[in-house]
Amino acid sequence: MEKTVVKAIQDDYPDDFSWCYGCGKLNENGHHFRTGWSGDNTLTIYTPKDEHTALPGFIYGGLIASLIDCHGIGSASLVLHRKNGHEPGDGIEPPRFVTGSLHVDFIKPTPHGVPLKAVGTIEEIHPKKFKVLTDVFANDTVCAKAEVIAVVMPSTFMD
């Protein structure tokens, strides 16, 4: 299994949009999820900390949902960035998205002490909306399956 994401889309988010608890590079208390390409799929790898325990030996579902949410938004940004002719690290600010919907099915309890791998496939469903299907693995076991609808952030989002 890959150990890290080398070129993550979150690295290119402008500072004004880098405070998310899940993926914000400037949130010193956050998870710092990082999403990049792995072939035609997107990938986020994260090793949960002790405080992410639901009960001894297992991760709580909120962390899984947060991982999927940020992975989905980052995946949509990757796809549209590539569609616009760019890649992470090329110095061009990527498009930003917000979560339109998040649906998670928890398949198996997620063990603590192993890296989690979120693998996404993306489908454009509208010029401003993308559907991201994500499987979360612990080792080779699928622990969760999810769908995120990511919506291009409107220019009036902060008004």
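The values are calculated or read from the model by the stated rules, or taken from the named source; none is laboratory data. These numbers come from a predicted model, not from an experiment. Cβ: placed from backbone, ideal geometry, glycine included. Neighbour counts: every protein chain shown. For accessibility, only protein heavy atoms count, side chains too; no ligands or nucleic acids. Shrake-Rupley method; radii C 1.70, N 1.55, O 1.52, S 1.80 Å.
Points worth noting:
- When the range 20-47 is filtered for residues that are free of Cβ contacts under 8 Å to residues at least 40 places away in the same chain and either in a helix (DSSP H, G or I) or touching a Gly at 6+ places or on another chain (Cβ under 7 Å) (or both), the ones remaining, listed by number, are GLY24, GLY30, HIS31.
- Residue match in the range 11-19 (condition: in contact (Cβ under 8 Å) with a residue 12 or more places away in the chain and surrounded by fewer than 12 Cβ atoms within 10 Å (Cβ to Cβ)): yes
- Subset of the range 99-126 (residues that are charged (D, E, K, R) and farther than 20 Å from SER75 by Cα): LYS108
- Residue match in the range 103-121 (condition: surrounded by 17 or more Cβ atoms within 10 Å (Cβ to Cβ) and more than 16 Å from ALA144 (Cα to Cα)): no
- Applying the set (1) out of contact with any strand residue (DSSP E or B) (no Cβ under 6 Å at 6 or more places or on another chain); (2) open to solvent by less than 60 Å² (accessible area, probe 1.4 Å) to MET153 leaves exactly one unmet item: (1).
- Every residue from the range 48-65 that is within 25 Å of ARG96 (Cα to Cα) and either open to solvent by less than 30 Å² (accessible area, probe 1.4 Å) or outside any helix (DSSP H, G or I) (or both): LEU63, ILE64, ALA65
- When the residues of the range 100-111 are filtered to those that are assigned to a strand (DSSP E or B), of a type outside the set (A, V, I, L, M, F, W, C) and farther than 30 Å from ASP15 by Cβ, the one that is farthest from the chain's Cα centre (by Cα) is PRO111.
Here's the yes/no breakdown for (1) in a strand (DSSP E or B); (2) more than 23 Å from GLY30 (Cβ to Cβ); (3) of a type in the set (Gly, Ala, Ser); (4) touching a Cys at 6+ places or on another chain (Cβ under 7 Å):
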| site | (1), (2), (3), (4) |
| --- | --- |
| VAL79 | no, yes, no, no |
| VAL98 | yes, no, no, no |
| GLY113 | no, no, yes, no |
| ILE122 | yes, yes, no, no |
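- Only residues that are in a strand (DSSP E or B) and either free of Cβ contacts under 8 Å to residues at least 60 places away in the same chain or under 25 Å from ASP15 (Cα atoms) (or both) were counted in the range 124-136, giving 9.
- ASP159 passes every criterion in (1) exposed (fewer than 13 other Cβ atoms within 10 Å of the Cβ); (2) among the charged types (D, E, K, R); (3) within 22 Å of PHE17 (Cβ to Cβ); (4) at pLDDT 95 or above apart from (4).
- From the options ILE149, ILE107, ILE68, residue that is more than 20 Å from GLY36 (Cα to Cα) and modelled with pLDDT of 95 or more: ILE107
- Pairs where the first residue, in the range 142-154, is within 22 Å of PRO94 (Cα to Cα) and the second is among the small types (Gly, Ala, Ser) and open to solvent by less than 40 Å² (accessible area, probe 1.4 Å), C-beta under 6 Å, 6+ apart: VAL148/GLY72; ALA150/GLY72; ALA150/ALA76
- Entry remark, the range 81-96: residues being part of a helix (DSSP H, G or I) and either in contact with a Gly (Cβ under 8 Å, 6 or more places away or on another chain) or surrounded by fewer than 19 Cβ atoms within 10 Å (Cβ to Cβ) (or both) number 2 in total.
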